[in-house]
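See below for the structure under consideration.
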Amino acid sequence: MDLASDRRGSEAIAAGKSPRLATARGPGLGCGVAARKPDLMTSFPIHAGSPVSFPGPPPKAADVVVIGGGVVGVTAALFLARRGLRVVLVEKGRIAGEQSSRNWGWIRQQGRDPDELPIMIESRRLWQQLAAETGEDIGLVEAGVTYLATTERKLAAFEAWLPHARAHGLDTRILDAAATAVLIPGASRRFSGALTTPSDMKAEPWCAVPALARLAAREGVSVIESCAARLIDTAAGRVAGVLTEAGRIAAPAVLVAGGAWSSLLLRAHGIAIPQLSVRSTVAATEPLARVHAGAAADDRIAFRLRRDGGFTLAGAGAQDFYLGPDAVRLASKYLPTLRSEPLSVRPRPAAPHHFPDAWGTRRHWQGDEESPFERMRVLDPAPNPGNIARLARNFADLFPRLGPVRLRTCWAGMIDTMPDVVPIIDHCDRLPGLTIGTGLSGHGFGIGPGVGRVLADLIAGGELGHDLTRFRFGRFSDGSRIRPGPAL
Ligand SMILES: Cc1cc2nc3c(=O)[nH]c(=O)nc-3n(C[C@H](O)[C@H](O)[C@H](O)COP(=O)(O)OP(=O)(O)OC[C@H]3O[C@@H](n4cnc5c(N)ncnc54)[C@H](O)[C@@H]3O)c2cc1C
C-alpha cells in the first residue's frame, strides 16, 4: 500500500448497523498460541487493554537496546541475538500494537521503489524461513498481488514498472483485459488489464509479529512490554543506554524503531527526521464467497482474502492528515509527494490528544518524568466513518454476486511516512551508538524482516548485502533533492 491507496473505494454495512458495531474490545484474538484456529475476528485483536505477554522487568544492561516492538524492532532484535549479542527490546504498549498488526497483510515486491526491491526480495525469503521457525500458523500464503487498471493510461504506468521486475527476475507480468477477467472472475468492472506478481504473499499481521516476538524471546531477546523508553542516555557525546519508565538500561548501542513515534523521541535529543503520519482506515468482512484468493486493488477498493474466509478491505477515501506542529514545520518537504498524489490525504485541523503530532503533545521531558509515550500506550485511532461507509458498498459493487457485504469489524492505524516514501535505515552520525530504522511509509510489514536483518548487521558490523545510500539519515539535510519513489 502507498500514500494514495486509501483513495480507492468503499462502504459498508447491511441493515443500517453502525460501523463500530463490532469493535467492542475483548479477548478472542483470532490467532496466537491459545487459539491455533482461525476464529472469526470480532474485535481488533491488539489494544491497550490486551494482556501483557512480556511483563519484564528489564535487565540493567545489554549490548543493544531496541526501542519499539513492531515488525522492524522485533526482527532486528531477533537477528541481533543471532549474532550473539545481549538484546533488550522495550515496547511502550503491546508487541505489534500499532502499524504492525493493523496493516492489510500484503507482502509485496510489486510496485516497490527499485532501491527497496533487493531488500524486499530477501524479506520475502525471510518471511518463509521465519514462519517455519516460529512453529505457528501466521497465515503466510503465496497468493499474489494484483493491481487492476481502470484505464489504458493506468496500465501504461504499471507497464513502466516492469523493467524493475525484470532486473530482479520477478514473475511480475502485465495481463490484458481478457486475462484479468479470468484472474478476477465476476467483477462488475471491465479492467483495461492488470499488473500481477504471483510470488507475492500475504499473512495475518496480528498473528505474524507476535509470533516473531515469541521466537525472539525463545532465542534470548529480553522482550519487555508496557515499558516506554523515555530518553536515550548519553555520556561523553555517545550513547550510554536508555532511560525507561522501569529504570535505566546501560548499553553502548540503541536502535530507534518506534514507528510513528520515532521523530518525537529523536527530537527530544535534537535529532530531526521529517517524519509524519496519516490515519488509514480498514475493515474486515464476514466470511464471503472466495472471489479472489490473493490481494488486489483498483482505484476504488483494495481487498485481501483472510484466513478466516473474510476479506480485509481498505483503500477507500483519502487518508486523514492531522495538522500539528510537525506537519506545519515539514509541509514544504512533502510538497513533491503531495503534488503527485494531491487527493491522497484529507487535512484535519488537529490530531486527537496524545497523538505523536497533537498540538498538546509534550516535546520535552526529563528521564524521571512521565513521557508522551506513556500517555499513549497503543496508538489506536478510530476508523473514519465516511471511509468505512464506502468500503462494503464498493466491494459489493465490484462483486455483485456477493450480495450485501457485512463488516465484522473496522479499525484504523497511523501510517508513519517520510517525504520520499522510503525509510531511514542508517546509523545517526549525530550520536555515535544510535541507529535508526523507521519511516517505512505504509509498506513496512512486507519488507520488515529484511530491514530488521540489515539493521542487525549495521549494528553488529556484519555484511549488509545491500546498498543503503537511498535510506541514509542525512539525505534530508545534505542538500539532496527529495525523490519520491514510484507511486504505484
Ligand atoms: C492501515 C495500514 C495498512 C498497511 N498495509 C500494509 C501492507 O499491506 N503491507 C505492508 O508491507 N505494509 C503495510 N502497512 C505499513 C506497515 O504496517 C508498517 O510500515 C510497519 O508495520 C511499520 O513497522 P514498525 O516496526 O516500523 O512500526 P510499528 O509497527 O508502528 O511499531 C513501532 C512500535 O514502537 C513502539 N514505540 C514507539 N515509541 C516507543 C518508546 N518511546 N518506547 C517503547 N516503545 C515505543 C510503539 O508502541 C509501536 O508498537 C500498513 C500500515 C497501516 C497503518
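The values are calculated or read from the model by the stated rules, or taken from the named source; none is laboratory data. For clarity, every value in this text was computed on a predicted model and none was experimentally measured. Cβ atoms come from the backbone with ideal geometry, glycine included; neighbour counts cover every protein chain shown. Heads up: the accessible areas ignore ligands, DNA and RNA and are worked out on the full protein's heavy atoms, side chains in. Shrake-Rupley method; radii C 1.70, N 1.55, O 1.52, S 1.80 Å.
Condition first: in contact (Cβ under 8 Å) with a residue 40 or more places away in the chain, among the aliphatic types (A, V, I, L, M) and open to solvent by 30 Å² or more (accessible area, probe 1.4 Å). Now tell me which residues in the range 342-365 satisfy that.
Leu343
Among residues belonging to the range 124-164 that are basic (Lys, Arg) and open to solvent by 70 Å² or more (accessible area, probe 1.4 Å), point out the one that is nearest to the chain's Cα centre (by Cα).
Out of the qualifying residues, it is Arg125.
Evaluate the range 397-417: report whether one residue or more is touching a residue at least 40 places away in the same chain (Cβ under 8 Å) and touching a Cys at 6+ places or on another chain (Cβ under 6 Å).
no
From (1) open to solvent by 20 Å² or more (accessible area, probe 1.4 Å); (2) touching an Asp or Glu at 6+ places or on another chain (Cβ under 9 Å), pick out the condition that doesn't hold for Val87.
(1) is the only condition that Val87 fails.
For the range 453-462, does any single residue satisfy the condition of being β-branched (Val, Ile, Thr), over 21 Å from Gly105 (Cβ atoms) and more than 15 Å from the ligand (Cβ to nearest atom)? Spell out how you get there, then give the answer.
Step one: filter the range 453-462 for residues β-branched (Val, Ile, Thr), giving 454, 459.
Going one step further and asking which of them are over 21 Å from Gly105 (Cβ atoms), we end up with 454, 459.
Still in the list and also more than 15 Å from the ligand (Cβ to nearest atom): 459.
Within the range 453-462, one or more residues are β-branched (Val, Ile, Thr), over 21 Å from Gly105 (Cβ atoms) and more than 15 Å from the ligand (Cβ to nearest atom).
Which one is surrounded by the most Cβ atoms within 10 Å (Cβ to Cβ) among residues in the range 287-330 that are under 22 Å from the mean Cα position of the chain (by Cα) and free of Cβ contacts under 8 Å to residues at least 60 places away in the same chain?
Tyr322
What pairs can you find where one residue is in the range 260-273 and farther than 18 Å from Val378 by Cβ and at pLDDT 95 or above, the other is more than 10 Å from the ligand (Cβ to nearest atom) and acidic (Asp, Glu), and their Cβ atoms are less than 8 Å apart, with a gap of 6+ or different chains?
Short answer, once both residue conditions are applied: Ser263/Asp326.
In this structure, is Gly309 under 27 Å from Ala181 (Cα atoms) and away from the ligand (no atom under 16 Å from the Cβ)?
Taking the combined requirement at face value, the residue satisfies it.
Which residues, counting only those in the range 287-304, are under 23 Å from Ala208 (Cβ atoms) and either more than 13 Å from the ligand (Cβ to nearest atom) or in contact with a Ser or Thr (Cβ under 6 Å, 6 or more places away or on another chain) (or both)?
Pro287, Leu288, Arg290, His292, Ala293, Ala296, Ala302, Arg304
Restricting to helices (runs of 4 or more DSSP H) lying wholly in the range 88-191: which have 3 or more residues that are within 15 Å of the ligand (Cβ to nearest atom) and in contact (Cβ under 8 Å) with a residue 12 or more places away in the chain?
Helices (runs of 4 or more DSSP H) meeting the threshold: 99-102, 117-134.
Which condition number in (1) open to solvent by 20 Å² or more (accessible area, probe 1.4 Å); (2) under 19 Å from Trp261 (Cβ atoms); (3) not hydroxyl-bearing (Ser, Thr, Tyr) is the one that Leu402 fails?
Looking at each condition in turn, Leu402 falls short on (2).
If I filter the range 56-80 down to residues being near the ligand (Cβ under 9 Å from one of its atoms) and in contact with a Ser or Thr (Cβ under 6 Å, 6 or more places away or on another chain), which single residue comes out as nearest to His443 (Cα to Cα)?
Once the filter is applied, the top-ranked residue is Val71.
Go through Ile388, Ile415, Ile436, Ile424 for me and flag whichever is near the ligand (Cβ under 9 Å from one of its atoms) and among the β-branched types (Val, Ile, Thr).
Just a single option satisfies the conditions, and that option is Ile415.
Conditions first: (1) more than 17 Å from the chain's Cα centre (by Cα); (2) under 30 Å from Ser477 (Cβ atoms). Gly247 passes all but one, so which condition is the exception?
(2)
Say we look at the range 263-286 and pick out the residues that are over 24 Å from Arg230 (Cα atoms) and within 14 Å of the ligand (Cβ to nearest atom); which of these is surrounded by the fewest Cβ atoms within 10 Å (Cβ to Cβ)?
Checking each candidate, the answer is Ala284.
What are the residues in the range 374-393 that are open to solvent by 10 Å² or more (accessible area, probe 1.4 Å) and assigned to a helix (DSSP H, G or I), if any?
Selection gives Glu374, Arg375, Pro385, Gly386, Ala389, Arg390, Arg393.
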